[in-house]
Amino acid sequence: MTTEKKLGIWMDHANAHLMEYTDPIVTKIISSESTHEEKEFTLQKGESFMHRKNQQQEAAYYKAIAVSIRDYDEVLLFGPTDAKTELLNILKADFSFSKVKIETEQTDKMTENQEQAFVRDYFSKS
């Protein structure tokens, strides 16, 4: 019998902390390229330009996370913003993720230790 691969992801619109459910849990960080300084620069070029640029950066951010999720059987998305729900909707629309069990949980901002404890507690119950 093969062991299910499980991944917890704390995320907001700027960063995703990926934590594979192993012992010990190690956190990998994926960051969005959209920074405050970048937004100010693109805003000077016009609001529609800024909106398009922001959408492209957001799509690249979600794609980078999605690529990391492909090899897992179960994924927990959690965090304080609606970024997790946006990613979930993208993943549901992609048939290649149909066999991955994906759940979301609303949480506050957490320290790395709190994030890892949350992932450990969540997957130890399943």
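The values are calculated or read from the model by the stated rules, or taken from the named source; none is laboratory data. On a predicted model such as this, the values are computed, not experimentally measured, just so you know. Backbone-built Cβ (ideal geometry, glycine too); neighbour counts: all protein chains shown. These area figures cover heavy atoms from the full protein model, side chains too; ligands, DNA and RNA do not enter into them. Shrake-Rupley method; radii C 1.70, N 1.55, O 1.52, S 1.80 Å.
Residues that are within 15 Å of the chain's Cα centre (by Cα) and among the hydrophobic types (A, V, I, L, M, F, W, C) were ranked within the stretch 92-108; the one that is most open to solvent (accessible area, probe 1.4 Å) is ILE102.
Count of the stretch 109-125 residues, restricted to those that are open to solvent by 80 Å² or more (accessible area, probe 1.4 Å) and within 17 Å of TYR21 (Cβ to Cβ), is 6. Applying the criterion of being open to solvent by 60 Å² or more (accessible area, probe 1.4 Å) and modelled with pLDDT of 95 or more to the residues of the stretch 61-84, the residue that is nearest to LYS125 (Cα to Cα) is ASP73.
Restricting the search to the stretch 28-48, which residues are in contact with an Asp or Glu (Cβ under 9 Å, 6 or more places away or on another chain), surrounded by 15 or more Cβ atoms within 10 Å (Cβ to Cβ) and either among the charged types (D, E, K, R) or at pLDDT 95 or above (or both)?
none
Whether any residue in the stretch 114-124 is within 15 Å of ASP12 (Cα to Cα), modelled with pLDDT of 95 or more and hydroxyl-bearing (Ser, Thr, Tyr) is what I want to check. Checked the stretch 114-124: no residue is within 15 Å of ASP12 (Cα to Cα), modelled with pLDDT of 95 or more and hydroxyl-bearing (Ser, Thr, Tyr).
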